[in-house]
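Trainee: Take this structure first; my questions come after.
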Amino acid sequence: MLMVSNHENHDALDAYPVEMWNGGKVHKISDSIIHLMRGQVFTIDGKKIFTFGGAQSHDMWHRKEGISWWAREMPSNEEYEEGLRNLKKVGNKVDYVITHCAPDEVQNSLFQWRHYTHDKLTNYLEIVRQTITFDHWYFGHYHDDNDIAGKFHCLYDHVIELGDYIFEKREVDG
């Protein structure tokens, strides 16, 4: 199973060596658990997949730093830059995008009835959306199952299988 989320224990993840896997950087936790690092493009079963985890916690008020919340839930400037460089290397064209939250405009379209604040990450993802060509974009930060324009898919209870890999978009606490 492959996941991109925002409540990972980054202190623990950083203890694992960075490895190359299918063209991108990962932390290999075990043979069946792989942390896809931010801003990477992976080639899996002939498909190019861009990943970018992270999101601002909406519920920080009940989380504890170093236990259920880590400051690195939001990407670093280096991760933002690396993501754009990696996309440029593949001609800004991928088959799938897998993120934890949605670009600004998609967030607005899907959740007009809820208020979600735009932040540096959703702004960045909006730039990515406007820059690249892709077939499908999957995300799950909003705890909902929904689709927009046949290209953007908010997953919470649904699990999507792409080839031999299962992409589950659930938040996993530290």
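Rule-based calculations on the coordinates, nothing more; no lab input. Quick caveat, the model's predicted, so the values are computed rather than measured. Don't worry about glycine lacking a Cβ; one is built from the backbone with ideal geometry, like all the others, and counts go over all protein chains shown.
Trainee: Once the piece of chain linking ASP31 and VAL159 is laid out straight, how much longer is it, given 0.36 nm per residue of separation minus the C-alpha distance between them?
Mentor: That works out to 44.1 nm of additional length.
Trainee: Would you list, by chain and number, the lysines whose Cα falls below 20 Å from the Cα of LYS64, excluding same-chain residues fewer than 8 positions away?
Mentor: Within the straight-line cut-off, LYS64 pairs with nothing.
Trainee: Residue by residue, what Karplus-based ³J(HN,Hα) values in Hz, rounded to whole numbers, does the stretch 119-134 have, using 6.51, -1.76 and 1.60 with θ = phi - 60° and x for Gly and Pro?
Mentor: 9, 4, 6, 5, 4, 4, 5, 5, 4, 4, 4, 6, 9, 9, 10, 8
Trainee: Then there's this: Under a Cβ-Cβ cut-off of 11 Å, what is the net charge of the residues other than ASP95 that fall near it, where Lys and Arg count +1 and Asp and Glu count -1?
Mentor: Net charge in that neighbourhood comes out at +1.
Trainee: Which ³J(HN,Hα) values in Hz, rounded to whole numbers, follow from the phi angles of the stretch 65-71 under the Karplus curve 6.51 cos²θ - 1.76 cosθ + 1.60, where θ = phi - 60° and Gly and Pro get x?
Mentor: Coupling constants for the stretch 65-71: 4, x, 10, 10, 8, 10, 4 Hz.
Trainee: On full extension of the chain, what length is gained from ASP145 through LEU13, given 0.36 nm per residue of separation minus the C-alpha to C-alpha distance?
Mentor: Contour length minus the Cα-Cα distance gives 44.7 nm.
Trainee: Decide, for the stretch 13-148, between rounded, prolate and oblate: order the square roots of the alpha carbon gyration tensor eigenvalues as a ≥ b ≥ c, take rounded if a/c falls under 1.5, and otherwise choose prolate if a/b is larger than b/c, else oblate. Write out the running numbers ahead of the final one.
Mentor: Details: a/c = 1.71, a/b = 1.10, b/c = 1.56.
Verdict is oblate for the stretch 13-148.
Trainee: Here is a follow-up. How much length is gained on full extension from LEU84 to THR131, taking 0.36 nm per residue of separation minus their Cα-Cα distance?
Mentor: On the way: separation 47, 0.36 × 47 = 16.92 nm, distance 0.93 nm.
That pair, LEU84 and THR131, stretches by 16.0 nm at full extension.
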